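Structure first, commentary second.
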Amino acid sequence: MNKTELIDAIAEDAGITKAAAKKALESFLSNVENTLKKGDKVSLVGFGSWSISDRAARDGRNPQTGNTIKIAAKKVVKFKAGSELENSVNGKK
């Protein structure tokens, strides 16, 4: 499912216009992004949570040449699925 299909599904399920669904989805995504930028965690009980982790700098290898390269430290977004979502995906109640 892509963003357009998700907007269509939200509009149909909620009985709202596609424009309103798009605005709601973009607001949700923006708020998640802004919260993560501040270093906070976003948690939706039963669905899952997003958090930020620091990945240390490390040495890597260029697969074409075999030369050692430096990979810079960075922050990565992690998502941990909630138990209800995991159970639903795995066909459990």
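Quick note: the coordinates plus some simple rules give every number you see, no bench work behind them. If you're wondering where the values come from, they're calculated on a predicted model, not measured in any experiment. Cβ atoms come from the backbone with ideal geometry, glycine included; neighbour counts cover every protein chain shown.
Taken over the stretch 32-51, the criterion of being surrounded by 11 or more Cβ atoms within 10 Å (Cβ to Cβ) and either more than 23 Å from GLU84 (Cα to Cα) or in contact (Cβ under 8 Å) with a residue 40 or more places away in the chain (or both) is satisfied by GLU33, ASN34, THR35, LEU36.
Tell me which residues, restricted to the stretch 26-46, are part of a helix (DSSP H, G or I), more than 23 Å from GLU5 (Cβ to Cβ) and of a type outside the set (Ser, Thr, Tyr). Show your work before the answer.
So the first thing to find is which residues in the stretch 26-46 are part of a helix (DSSP H, G or I), and the list is 26-37.
After this cut, where a residue has to be more than 23 Å from GLU5 (Cβ to Cβ) as well, the list is 34-37.
Within the stretch 26-46, ASN34, LEU36, LYS37 qualify.
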